[in-house]
Every structure is written in C-alpha cells, then in structure tokens.
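Q: Following this message is one structure expressed as structure tokens.
None of the figures in this text is laboratory data; all of them are computed from the coordinates on show. Bear in mind that the values here come from a model prediction, so they are computed numbers and not experimental data. As a convention, Cβ positions derive from the backbone with ideal geometry for all residues, glycine included, and neighbour counts pool all protein chains shown.
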Amino acid sequence: MPGDPIRPLTLALCQFAPRKGDTAGNLARIGRLCAQAATLEPRPQVVHFPETALSGYFVEGGVREVACTAGSLSYDLDDAYRTACASAGMEPVPLDVIIGFYERWRETLHNSAAYITIGLDDGPPKLRHVHRKNFLPTYGLFDEERFVERGADIRAFETPWGRAAILVCEDAWHSLSGTIAALDGAQVLFVSSAAPARGVWPREDGIAGPYSAARWERLIRDIAEEHGVFTSFVNLVGSEGGKRFFGTSHLVGPGGDVRGRAPVWDESFVSISVDLDDLVRARADSPLLSDLRVALPHVLDNVRRVTDGTPVQLSYDGPEPVAADLLRGARGFTTGEFAVPTELLERANSIVRSLPEQLPVIRHGMRDNGGPPPLLLDVDLTEDWLTGFLREELARRGYGKAVIGISGGVDSAVVAFLAVEALGRENVIGVRMPYRTSSAASLEHAQLVIDALGIASRTVDISAAVDGYLMHEPDADATRRGNVMARLRMITLFDLSARYRALPLGTGNKTERLLGYFTWHADDSPPVNPIGDLYKTQLWQLARHLGVPDVIVDKAPTADLVAGQTDEGDLGISYARADDILNGMLHGFSHEALRARGYQEAELTTVSKRLNGTHWKRRPPATALVSHSGIGESYLRPVDY
C-alpha cells in the first residue's frame, strides 16, 4: 500500500529589525512575535528569524557583551514566548524557531543560528541544532573574523517534520555548503542573513529592491534548484551605522520557483505552506542530486587530488584513422541522414567572418561588459532607501526633528525634500545663512525650497561674526575666508540644533567628499548624511524625481563663498566626467583601463591627485596610540551601539 502523503509544512519567515545591543528587549519582542506566529492560520510549524536577530549584526567589539550560550538562549526564548502568550491570554503551542545570535561556545565566540522547539507542554525546550557560521566575510563592509571564530561543520538534522539544515549568510555564497546539506538529507535549507543593501541602479527583473537583493534571490534560487531542496532566506531589516538591511525574505521551492516574498525594507511576517512531496517531483524532473550521489566517490577523489597538489597526468588517444576524419577539410559530405550543400557552408563561413563588423555590442541590464556599476539611479528605490534611513537614524538618536542649512543649491534642496518626506514638514527647520557677499540668487533659491516644502525657517546673517574674526586677519586669502564662513555656518547649525532639539543633517555629496572639495570640520560635520554616498550626477537625477525646482537643478553648482566662483571651475573638470572617473577608480579600474574607456590622462591626473591628496579629510583625527585599548583601533564600538 502507498505510504501516507507528507503533511503540509507551514513556515513563517519573520523579517525583523533588532535594536542593536539590546538582547533583553529583542528577546522579549521575539517572544511576542512567536506568540503572534502561533495565531496565524494555518499555524506554522517553523518560525525563521534572521542572522543576529538577538543583538543586531554590526556590534563589532560589543560581540562579547551580547554573546550567550545556546543552552541559555533556549530557556530564555521559551520563557519569553510563554510570557507573551500569557499576556495575550493564550496557551502556548509548540513552535520550532530558528534564531541567529552571537554564541559563546567552548570559550570562543561565534556567529551562530540555533534551531529550538519551544512551548512544549511536556517539558523544557529542545535545542535540536546549532550551526556556527563557516565563512566569515572580512572585506568591504565586513570585519567578522576579527570578532568571532569560524565554525567547521555543515550538517543536516532531524526535526519533528523532517530533516533540515542551516546556513548563515556567506555560507550560502559557497555552493559546496548547499551541496553538503543536501547530501546529508536536508529537505529544507534555512539561510539566515544580515545582508546590507547595496546598488541603487534599476534591477533587470523589475522587482522593488536594491541590486544586492536581486543577487541574493538568484543565489537562493540556484541553491534550491541545483539540489532539489526548499530554501528559506530570511534577512534583517532596519539600519545600523548607515548600512540599511533590505529584507525581501523569500521561500524558494525545489524547482527554483519563488513561493512567497516579503517586502523591501519593512518588518513583516510571510507565512507559506508547502508540500514536501514537491521534493519528489522536482528531483524526478531534475535528478541532479541523484547524479551527484553516484559520482560522489570520483568527486571526492578529485577534491583529494586538488588539495594534495597531485600533478595532472594528461592522457588521450592518438589521431583517428584518416578515413574516419569526415570533417577535416571536407565539403559536401554525407552523414547518412542529410547532406550539407557546399554553398550553404560557404555562406555560413562568410557570415561568421563578418560577425565582428555586423553585430552590435549586447549590454546586459544597465551594466556594460566588465565596467563599473552604472550611475543611473532607480529613483523610487533611492527615495525609499534614504527616507527610511533618516527616520531610523534620527529615532535611534532620540530626535524627532532635523535642522538643515539651505544654501540654494541642489544638495541641500535634496536633503530638505528627503527630510520632509521622512519626518513631516512640521519637523524640519531650514536655515539660510548668508554672508554680505553671497549671491542674491542663492538666498532666493533657498527660499524657493523653504516655500515649496512649507517648512519653518530661520535666516541668520553671518557677516558680523565672520568680519569680527577676519578683522584680526586682514591678509586672509579667499580660501581662508571661505573656510571661516563654512565653519561659522556649522556653528550656527549646531547651536540651533540645541535650541530646537533638532539634529543637523549633512548635505555633502560623494563627489565632493572624494575630491576633498569641502571645508574640514564644517560641511562634513553633521552626524547624519543621507546623500554622502551619491555622486553629484546622481543627486541631479534624484532632485528631478523629488520635484526640486528646475532653476536650482539646472544652475551651475557653486559654494557661493567667492563672487563668480563655480565648483567645476575650481575642480578643473565637469562633474559628469569626474563622477565617471571616480566610479571607475573606486571599483579598481587603472588609468590604463580608464584611458581605454575614453578618458584623457589629464582628466585622470586631476581626479586622482585630488582623491589621493585628501584622504585625511575623510578620516578621524590621527591619535598617537600608546596602549592596547586605543579608541577606534582596539576599543571598537559602532556609533549606534
């Protein structure tokens, strides 16, 4: 007789934004979310939380403070769940929970994920598995290996509903990890992640979200389809130190099809029911895992030879008999099925010879072949990204209002428009800070922004303060005078910040920051800057999308510190050319490669001299280190910890 069908399995993917470092508060909230999951219909057997859901991800030197043992986490999570159920007037029901946390194990620290059954009515919680992250990213945004140890195992394990395996974030980027889990019998592979959003250009698939979200989805689909397993990907949301997690958690079936997807940016539950019999159907249609099991002894032999460094022994047969070599130099030969006329072969050869001249360059999506990421923005995505960033960063610092210096230029206008969308016009204060030689157009354009947004405003004439100092420095040149103005404007903003309990927002763009075209301890001083990773040309795109008045977007950019001055005149290169060159340089393209892409050596020299000569302006002050606990070197705490 046939066996009973495998029962439906319901998974709840919980896209979660932890409060960094607040393990007690996060645990209580996770308990409440588990109680909420227990009320879903159909009720999920498994609730999947992201990587480091207990503490937040970028805690750096705070890892030892937030780490706990898996055993204590099991009991604490069970207690939090039962407390939440009691508060809601409901009885706890058994739930399997996957939760990411920093773990203390055998006197070492790990980035781990635990599989725990809570709410059992016949005893304490059951810790069924702990996976310790094997692959620790230590590049780009990441520095994991400095703070935690590597795990060394990837294993599947038994659960009440079947067999599962867990990977944590970068583990999934190594295809062998999924292979090991599938070979060990995993039916569902749970991938817990804390992946920050990157890439603001338009996605090829048309789905909302940053480029990195699309890359993750391709990866998860490939894992599921290659190995014939269900794959659940759950990612953090929220913002940590300027890095915003994108969410878009999703479940992929064993055929590589997305069964359900959470939204970008927002906390949410996604509850999905699946039939584990789909595994049978998928593996019958595409028996790749079965093929691998058969070939595994040979695969392992090859792995052993590679790791041992065994030299390759080339082995091949000699040439075929001439009579059997039908293709070499043959024309009009017959295969026994059909003839290929000589004239068709000649026509085909002619077409092949002409292809380099006839075929256009095929560009995939928005990136050219081998080039740096495009500067074209997905403006809707960028708007959502930056307004969410502002809301979260101000809330984390305990502010509900922002104060912005409105110069009449496009950068401050964009920040003001973003701030109003993020916080509401009643919570944004625009400040005009003219000097007596300032352009009347700048004041007029600043007022245009203030009026268009309907925000409160102040006009603070800095002439007397600037002149009061410069009267003692009559020989000060234009650069010194401009720096004094810029720093007095920042003094004004920070003082008004204290008066209105409003956080100053930065308005410096990426191009200016990279070229050092700003006053140190002035323009770049505000603690939160929504546009500091957008090039000037990207700011223009975003400004038009947000509705910044055309007269502001179209005018020549100027710091308005000296009459007649323009940014591009000072820099000696247009923003459009500078942005393309900077974008190439920051992605590893040499002068030679950029020359091949049409840039002149003089342009490259102008940009690289400014870039390389102003690193000091983008770093904290150099401090003589005389101890083992230097701030920012050994004593490491993120700004929002």
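Q: Can you tell me the order of 542-555, 500-513 when each peptide is scored by its average per-residue count of other Cβ atoms within 10 angstrom, highest first?
A: Details: 542-555: 16.4, 500-513: 22.4.
Highest-to-lowest ranking by the protection proxy: 500-513, 542-555.
Q: Under the rule a/c < 1.5 gives rounded, and otherwise a/b versus b/c splits prolate from oblate, where does the chain land using the Cα gyration tensor? All intermediate terms of the calculation are to be shown ahead of the outcome.
A: Details: a/c = 2.17, a/b = 1.28, b/c = 1.69.
Oblate shape, in that a/c is at least 1.5 and b/c is the bigger or equal ratio.
Q: While we're looking at this one, here's another question. Compute the length gained on full extension between ASP475 and GLU60: take 0.36 nm times their separation in residues and subtract their Cα-Cα distance, giving the result in nm to one decimal. Write down the numbers at each step before the final one.
A: Details: separation 415, 0.36 × 415 = 149.40 nm, distance 4.78 nm.
Contour length minus Cα-Cα distance gives 144.6 nm.
Q: Could you rank the peptides 245-258, 169-182 by their average count of other C-beta atoms within 10 Å per residue, with the highest value first? Display every interim value, and only then the final one.
A: Numbers: 245-258: 23.1, 169-182: 20.5.
So the order, starting with the most tightly packed, is 245-258, 169-182.
Q: Measure nothing fancy, just the Cα-based angle from helix 536-546's long axis to the longest principal axis of the chain, in degrees from 0 to 90, nearest 10.
A: So the helix axis and the longest Cα principal axis differ by about 90 degrees.
Q: Right, next: Give me the percent of DSSP beta bridges within the chain that run antiparallel, rounded to the nearest 5.
A: Working: 41 of 72 bridges.
Taking every DSSP beta bridge with both residues in the chain, the antiparallel ones total about 55 percent.
Q: Right, next: Determine the dipole magnitude for the range 379-567: charges of +1 sit on the beta-carbon of Lys and Arg, -1 on that of Asp and Glu, nothing else is charged, the reference point is the Cα centre, and the result goes in debye to the nearest 20.
A: Values: 19 positive and 24 negative charges, 97 e Å.
Its charge dipole is roughly 460 debye.
Q: Also, I was wondering about something else. 7 Å from Cα along Cα→Cβ at both ALA624 and SER87: what's the point-to-point distance in nm?
A: 5.3 nm
Q: What's the ranking of 268-277, 611-620, 118-127 by average number of surrounding C-beta atoms within 10 Å, highest first?
A: Values: 268-277: 16.6, 611-620: 12.2, 118-127: 14.4.
Order by mean packing, descending: 268-277, 118-127, 611-620.
Q: Could you give the distance between the Cα centres of the range 185-263 and the range 530-552, to the whole Å?
A: Cα centroid of the range 185-263 versus Cα centroid of the range 530-552: 29 Å apart.
Q: Roughly speaking, what is the stretch gain from THR614 to GLU107, that is 0.36 nm per residue apart minus the C-alpha to C-alpha distance, in nm to one decimal? Before the final figure, lay out the partial values.
A: Values: separation 507, 0.36 × 507 = 182.52 nm, distance 4.33 nm.
Working it through step by step, the gained length comes to 178.2 nm.
Q: For the chain, what is the relative contact order in percent, using Cα pairs closer than 8 Å and at least 6 residues apart in sequence? Let's see the in-between values first.
A: On the way: 1122 pairs, mean separation 66.8, N = 641.
Computed value for the chain: 10 percent relative contact order.
Q: Considering lysine pairs in the chain that are 8 or more places apart or on different chains, how many have Cα atoms under 18 Å apart? If you can, show how the numbers build up before the last one.
A: Details: LYS20/LYS243; LYS243/LYS510; LYS510/LYS536; LYS510/LYS609; LYS510/LYS617; LYS536/LYS555; LYS609/LYS617.
So the count of such lysine pairs works out to 7.
Q: Mind checking the range 575-641 for GluC sites (Glu not before Pro) that DSSP puts in a loop (not H, G, I, E or B) and that have at most 15 other Cβ atoms within 10 Å? Display every interim value, and only then the final one.
A: Working: sites: GLU592, GLU601, GLU603, GLU633; in loops: GLU633.
Passing sites in the range 575-641 are GLU633.
Q: To continue, here is another question. When DSSP assigns beta bridges and you keep just the ones with both residues in the range 8-296, what percent turn out antiparallel, to the nearest 5?
A: Numbers: 39 of 58 bridges.
Rounded to the nearest five, the antiparallel share is 65 percent.
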